[in-house]
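Below is one structure, written out as structure tokens; the observations come after it.
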Amino acid sequence: MSLGKNKMKNLEIISGWGLYPRIQANIIKPKTIKELRDAILSNSFIARGNGRSYGDSAINQFNTIEMTEFNRFLHFNEKEGLVIAQAGILLKDIIETFLPKGWFPPVTPGTKYVTLGGMVAANVHGKNHYKSGTFSKYIKWIEIIDHNGEIIKCSRKKNSELFLWTIGGMGLTGIILNVAFYLKRIKTAWINQSKLVSKNINQTFEFFESNIDSSYSVAWIDCYAKGLNIGRSVLMLGEHAELDDINSYKKLSPFKTFKKRKLSIPFFFPSFVLSNFSVKIFNSLNFIVSKISRRKAIVDWDTFFYPLDKILNWNKIYGSKGFAQFQCVIPLSVSKKAITEMLNLISNSKSSSFLAVLKRFGQDESHFSFPMEGYSLSLDFPINKENLLLINSLDEITIKYDGRFYLVKDSRMKKKTFESSDLRIKNFKAFREDNLSKKFRSCQTDRLGL
């Protein structure tokens, strides 16, 4: 992709949350629809929210259009829990505005610092996909600006193909402008949390399947465990607390929680901080503490849903070179076999994954979204040659077992690997032919041939 220097006005070096790759791009920050239309008509472009996709999916070297100025609430129907808001508003603002009224997102990703438009473009999932599906299930309609600058309203009944391809379409079908979506009623801001400690991968899967009726579930895996302990995990279960579940003091203001000080990482950590040795020690201590700590507790919503958000700039822990996140989903029938193979590969390597998260997915019918019924494994690796080679091997195992990859997390996948992972790619490319493929482009689309 040529930069066309004569047209570049506001060059910045930007990246996704993984800080890899870093790319020089022309940044446009429109504040009005007119400014947005002017940006669209000038060249190829991609919309960008709060920069929380991990790789290069929200970067276009010609025009990266930041949507954070489009951040207003437009309407709220308190009877139905229907919110209409601009795409640049943060999930954090949605929760802080409507939680005091007794409403909460029915599906939420692992951070509240994402924009509403990003949630649609990625069709985010949470710790409850097996029960509640993806965010798209709760979207009533979307307004999109197309390649001609026209605003198009779409839903499951109107302009349905555009609607269905936009959900999970990574911003490649138009710029998401406004979204109408539903929240769900809750009684308190607290969560009944239960903790199960498994001794190996077999017990981890048994715990997931035997607790399939739980509203939320997620497991942290010790990637360094070997032999009979391979796949040992700490599984967290959650239920929204009722008024009878909380003490009399909390009942006075059931939607109010205690403010907590946030930590902030002020600089990039040196590479030895996340060495194999240090990560192994951390994993062992975390597992031991989990075994001896309380198994049941009442925790606030922020602690349960967004544990990493309490550490600002936590991505700097991985050092100045950044990190790559690998996330796949494996079909249910072969999930345990595939994930065991991946964990064996990691534990026998010289690589280290600081965060390893396992989630259960339910059935999912969508045009181009990530989930399928099965298990999803997420892993973080500091950027270095050995880790990138390891992730390539994890890619191969995923393909071997007919799994697929989460584009929001991708920063380094090869075109051949991507094309082997998902039969729906051909149909998505066909939908994007001509005007869409020429205008809506990211560095990721160029890399993957999408």
Total charge of the residues flanking Ser53 in space, meaning their Cβ is under 10 Å from its Cβ, with Lys and Arg +1 and Asp and Glu -1, is +1
For the stretch 96-252, shape from the Cα gyration tensor axes a ≥ b ≥ c, cut at a/c of 1.5 then a/b versus b/c, turns out oblate
Most packed first (mean Cβ within 10 Å per residue), the peptides 347-353, 265-271 order as 347-353, 265-271
The ratio Rg/Rh over the Cα atoms of the stretch 73-185, Rh being the Kirkwood inverse mean 1/r radius, stands at 0.94
In terms of the alpha carbon gyration tensor, root eigenvalues a ≥ b ≥ c, rounded if a/c is under 1.5 and otherwise prolate when a/b exceeds b/c or oblate, the stretch 182-319 is oblate
For the stretch 275-388, shape from the Cα gyration tensor axes a ≥ b ≥ c, cut at a/c of 1.5 then a/b versus b/c, turns out rounded
Cα-based Rg/(2.2 N^0.38 Å) for the stretch 300-349, rounded to two decimals, is 1.60
So, over other residues within a Cβ distance under 13 Å of Leu343, counting Lys, Arg +1 and Asp, Glu -1, the net charge is +2
Here the net charge surrounding Lys321, from other residues whose Cβ is less than 12 Å away from its Cβ (Lys, Arg +1; Asp, Glu -1), is +3
Rg/Rh of the chain (Cα atoms, Kirkwood Rh), to two decimals, equals 0.95
The lysines whose Cα lies under 16 Å from the Cα of Lys310, excluding any fewer than 8 residues away in the same chain, are Lys92, Lys112, Lys259, Lys260, Lys262
Kirkwood radius from Cα pairs of the stretch 278-320 plugged into Stokes-Einstein at 20 °C, 1.002 mPa s, gives D in µm²/s equal to 168
Exposure proxy check on His125, His147, His75: fewest-to-most Cβ neighbours within 10 Å is His75, His147, His125
Scalar couplings 3J(HN,Hα) for the stretch 217-222 by Karplus 6.51 cos²θ - 1.76 cosθ + 1.60 (θ = phi - 60°), nearest whole Hz, x for Gly and Pro, are 8, 7, 10, 9, 10, 7
Cα convex hull volume per residue for the stretch 1-124, in Å³, equals 108
If one builds a Gaussian network model of the chain from Cα atoms under 10 Å apart, the most fluctuating residue listed among Gly16, Gly231, Gly102 is Gly102
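Quick note: the coordinates plus some simple rules give every number you see, no bench work behind them. Computed from a prediction, not measured in an experiment: that's the story for all the values here. Cβ atoms come from the backbone with ideal geometry, glycine included; neighbour counts cover every protein chain shown.
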